[in-house]
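As structure tokens, the structure follows; a few thoughts come after it.
Derivation of every value follows stated rules applied to the coordinates shown; laboratory data play no part. None of these values were measured; they are calculated from a predicted model. Here Cβ is always computed from backbone atoms with ideal geometry, including for glycine, and neighbour counts include all displayed protein chains.
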Amino acid sequence: MGVPEGYRPMLDWALDLPGQLRVGYKAARAAGLKPGRFANVVVCGMGGSGISGSIARSLLWDRARQPILSCRDYDLPAAAGKDTLLVAISYSGETEETLSAVSQARQRGCRIVAITSGGRLAAIARNAGWPSVGVPGGLPPRAALGYLLGACLGVLEGCGIARGLGRDTTAAARLLERERPTLSRVARSLARALLGRLPFVYSTARSLDAVAERWRCQLNENAKLVCHTSELPELDHNEIVGLGGPEFVAKDTELVVLAERDTHSRTLARVRETLFIARGSYHKAHLLTPAGRTRLERMLWLVLLGDLASIELARLEGVDPKTIVRIDELKRRLAQLK
Ligand code: F6R
């Protein structure tokens with residue numbers, strides 16, 4: 001079986017995460033943003049763009065004084081108003097849900113900052129005089145995570161939502177560069193373990209919820225697989241009972257548990273006990289703990305591992321990690337309905 005055409009470029013883009021992070025962060029800090037007094041932050045974006053907002057939110061869940069909400073739909077939450085910093089992220093600049101939310105944000109008088117590689121979002125921001133962070137174009141949006149996340153962190157810092165994000169970004173980029181060989185090795189062995197199985201990805205700390213979400217989306221789009229995600233300790237109050245049902249999935253369910261230094265010691269005990277009690281309801285469990293001193297380093301270590309594993313899995317399955325035929329078809333069909 002030959003190597004799928006999109007394998008090499010997707011791998012190269014994934015491995016460029018540290019370089020992209022630096023470029024995205026720098027672009028945002030050069031956008032002339034000013035700190036403000038905001039009641040909340042709303043990050044609008046879908047799919048491969050929206051995930052960068054979720055990662056920023058997970059990173060800052062116990063650090064930002066204002067709530068950070070993510071909007072993944074046409075309509076804005078009621079909390080969005082004049083005191084809102086609204087960060088609109090769309091790599092193509094053409095995503096209809098994001099453009100709809102942006103138009104509502106304009107009517108409500110939110111302070112809007114756009115992050116995009118072009119398209120209508122760039123044009124709207126330019127005409128309205130909103131600050132806009134331009135990132136390099138031409139990639140599948142999910143392969144541009146570093147640009148979009150680096151930019152999002154730069155915007156949040158520039159607008160006064162959190163401090164120290166530049167230092168965090170630099171440290172994370174350095175760590176990822178050093179860890180690339182290890183991550184590539186672990187990703188290849190994880191991909192072999194996931195081949196032919198149904199992946200369940202569990203997060204064990206709120207900083208890891210968006211990381212698990214990224215794993216799910218990358219397994220969906222790159223490896224063309226369904227993937228389930230859930231959170232500890234919450235799943236110990238419901239899913240633990242359902243795990244293994246229906247019976248035909250149990251033997252083929254592969255658990256990936258993401259843990260890190262911020263994981264509560266009782267939650268770690270819960271992981272051990274849950275895996276013991278539910279033994280027989282899954283094929284195998286893999287407990288993954290990242291390297292890194294800071295939270296962002298550890299989060300992105302796991303993000304890159306998931307990205308690489310999904311691309312390696314696509315290769316083992318003989319599918320092209322770059323193509324997303326159904327999303328393309330859906331966007332075409334919806335455009336015709338207008
Ligand atoms: C494609 C991808 C998709 C897009 C989504 C939104 O690689 O990951 O999930 O990100 O369809 O499009 P953009 O990102 O252009 O707003």
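Taking the Cβ of each residue in 42, 135 as the centre, tally the other Cβ atoms inside 10 Å and list the residues starting with the fewest.
Going from sparsest to densest Cβ surroundings: 135, 42.
So what are the ³J(HN,Hα) numbers for segment 286-298, from phi and the Karplus equation (6.51, -1.76, 1.60; θ = phi - 60°), rounded to whole Hz, Gly and Pro as x?
Whole-Hz 3J(HN,Hα) from phi for segment 286-298: 10, 8, 10, 10, x, 8, x, 7, 9, 4, 5, 4, 5.
Positive end of the dipole of segment 168-256, charges at C-beta (+1 Lys, Arg; -1 Asp, Glu), about the Cα centre: which of 240, 198, 176 has its Cα farthest in that direction?
Among 240, 198, 176, the one farthest towards the positive end of the dipole of segment 168-256 is 176.
Helix 325-337 against the longest principal axis of the chain: what's the angle in degrees, Cα atoms only, rounded to the nearest 10?
Long axis of 325-337 versus the principal axis of the chain: about 40 degrees.
Amide H of residue 112: which non-local residues (sequence gap of 5 or more, or other chain) have their own amide H closer than 5 Å, using H built in the peptide plane?
Here 86 satisfy the definition.
How would you order 218-230, 74-86 from highest to lowest mean count of nearby Cβ atoms within 10 Å? Write down the numbers at each step before the final one.
Details: 218-230: 21.0, 74-86: 17.0.
The peptides rank, most packed first, as 218-230, 74-86.
Fewest Cβ neighbours within 10 Å first, please rank 133, 186 accordingly.
Listed from fewest to most nearby Cβ atoms, that is 186, 133.
Output the 0 to 90 degree angle, nearest 10, between the alpha-carbon long axis of helix 47-59 and the longest principal axis computed from the alpha carbons of the chain.
Long axis of 47-59 versus the principal axis of the chain: about 90 degrees.
Where the only charges are on Cβ atoms (+1 Lys, Arg; -1 Asp, Glu), what is the dipole of segment 113-183 about its Cα centre, to the nearest 20 debye?
Numbers: 8 positive and 4 negative charges, 16 e Å.
I would put it at about 80 debye.
With axes computed from alpha carbons, what is the tilt in degrees of helix 265-277 against the longest principal axis of the chain, rounded to the nearest 10 within 0 to 90?
Approximately 40 degrees, to the nearest ten.
With the Cα gyration tensor of segment 206-292 giving a ≥ b ≥ c as the square roots of its eigenvalues, does the rule (a/c under 1.5 for rounded; else a/b larger than b/c for prolate; else oblate) give rounded, prolate or oblate? Provide the component values of the computation, followed by the final result.
Numbers: a/c = 1.80, a/b = 1.06, b/c = 1.71.
Verdict is oblate for segment 206-292.
In cubic angstrom, how much convex hull volume per residue do the alpha carbon atoms of segment 190-338 span? Each step should come with its number before you reach the end.
Numbers: hull volume 20.1 nm³, N = 149.
Here the figure is 135 Å³ per residue.
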